[in-house]
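These notes concern the structure reproduced below.
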Amino acid sequence: MPDVMSSSRLIGVGVGPGDPELVTVKGVNALRAADVVVVPVMDTGERGRAEATVLHYVPQEKVVRVVFALNERTDHGRREAAWDAAGERVAQLLRANGSVAFATIGDPNVYSTFTYLAHTIGELVADVVVETVPGITAMQDLAARSGAVLTEGTEPLTLVPVTAGSAVLKDALNGPGTVVAYKFGRQAAEVAEVLRETGRIEDAVWGSALGLDAESIRPAAELDGAPLPYLSTLIAPARRDGTRGGKL
């Protein structure tokens, strides 16, 4: 068993939005080099996207499932308790292994559970070295699959989690540049209404389960108010005049 003081390594590895071909070479190498690969699972126990992606590259026996309250948004105490328990489990793994990789969908520095885990581990394991390997994000994948251009010239790009409320999205849509909305599935009706109010619905596109069998990519104008998968992504491109280099 290695000494905790010998600088155990915790590596957050972004494994993309679900398509196993979108894991970077560096990400695959990090997963394979780690002694243990942790994947987050909900307390309901089903296999998540991160785990399904990881299993394309490392054997099942190397994977450790750790429960996070990923679907807990109302009970703050329960969520904190889940983070504490998950952090302690990963700390145990770090005490027994030199390196532990944590696989997260998308990128480990963009709305990722890894942020909370790293904070917890920093308080539990002395001299732990925390590293991250970037991953392809859902907005990049949706842009590629739908043909939407995220930015041109001097356009800004605003990323909004709709869990923060539709008012935040409306403020962004009233501004310049492209707006990307994450996690808007359960508020799809509100999102469609805001897109129409701001005149941004015609060019907008949404997608879910990108790269998976259940993939759906549709124009936002077709949103009918029905709930969508929680991890749905929306792109509302900047207003453009159609000229080449118009935003330079």
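The values are calculated or read from the model by the stated rules, or taken from the named source; none is laboratory data. Since the structure is predicted, the reported quantities are computational estimates derived from the model, not experimental observations. Virtual Cβ from ideal backbone geometry, glycine too; neighbours counted across all protein chains shown. Accessible surface is based on the protein model in full, side chains and every heavy atom, while ligands, DNA and RNA are left aside. Shrake-Rupley method; radii C 1.70, N 1.55, O 1.52, S 1.80 Å.
Annotations for the structure displayed:
- First in region 135-155 and closer than 18 Å to Gly16 by Cα, second anywhere and in a helix (DSSP H, G or I), Cβ under 7 Å, 6 or more apart: Gly135/Gly27; Ile136/Leu22; Asp141/Leu22; Leu150/Met139; Leu150/Ala143
- Among the criteria (1) open to solvent by less than 50 Å² (accessible area, probe 1.4 Å); (2) part of a loop (DSSP other than H, G, I, E, B); (3) modelled with pLDDT of 90 or more, the one Leu94 does not fulfil is (2).
- Note on region 111-127: residues that are in contact with a strand residue (DSSP E or B) (Cβ under 8 Å, 6 or more places away or on another chain), open to solvent by 10 Å² or more (accessible area, probe 1.4 Å) and within 19 Å of Arg49 (Cα to Cα) total 2.
- Condition check for Lys170: touching a residue at least 24 places away in the same chain (Cβ under 8 Å), on the phi > 0 side of the Ramachandran plot and in contact with a Ser or Thr (Cβ under 8 Å, 6 or more places away or on another chain): no
- The residues of region 144-178 that are in contact with a strand residue (DSSP E or B) (Cβ under 6 Å, 6 or more places away or on another chain), under 23 Å from Ser112 (Cα atoms) and buried (at least 17 other Cβ atoms within 10 Å of the Cβ), listed by number, are Leu150, Thr158, Val160, Val162, Leu169, Ala172, Thr178.
- Selection count, region 187-208, where residues are more than 24 Å from Ala144 (Cα to Cα) and hydrophobic (A, V, I, L, M, F, W, C): 2
- If the condition is being without any contact (Cβ under 8 Å) to a residue 40 or more places away in the chain and among the aliphatic types (A, V, I, L, M), then region 180-224 contributes Ala189, Ala192, Val194, Ile201, Ala204, Ala214, Ala220, Ala221, Leu223.
- Some residue of region 100-109 being out of contact with any Cys (no Cβ under 7 Å at 6 or more places or on another chain), surrounded by 15 or more Cβ atoms within 10 Å (Cβ to Cβ) and in a helix (DSSP H, G or I): no
- Taking the criterion of being open to solvent by 10 Å² or more (accessible area, probe 1.4 Å) and either closer than 11 Å to Ile235 by Cα or in contact with a helix residue (DSSP H, G or I) (Cβ under 6 Å, 6 or more places away or on another chain) (or both), the residues of region 179-193 that qualify are Tyr182, Lys183, Gln187, Glu190.
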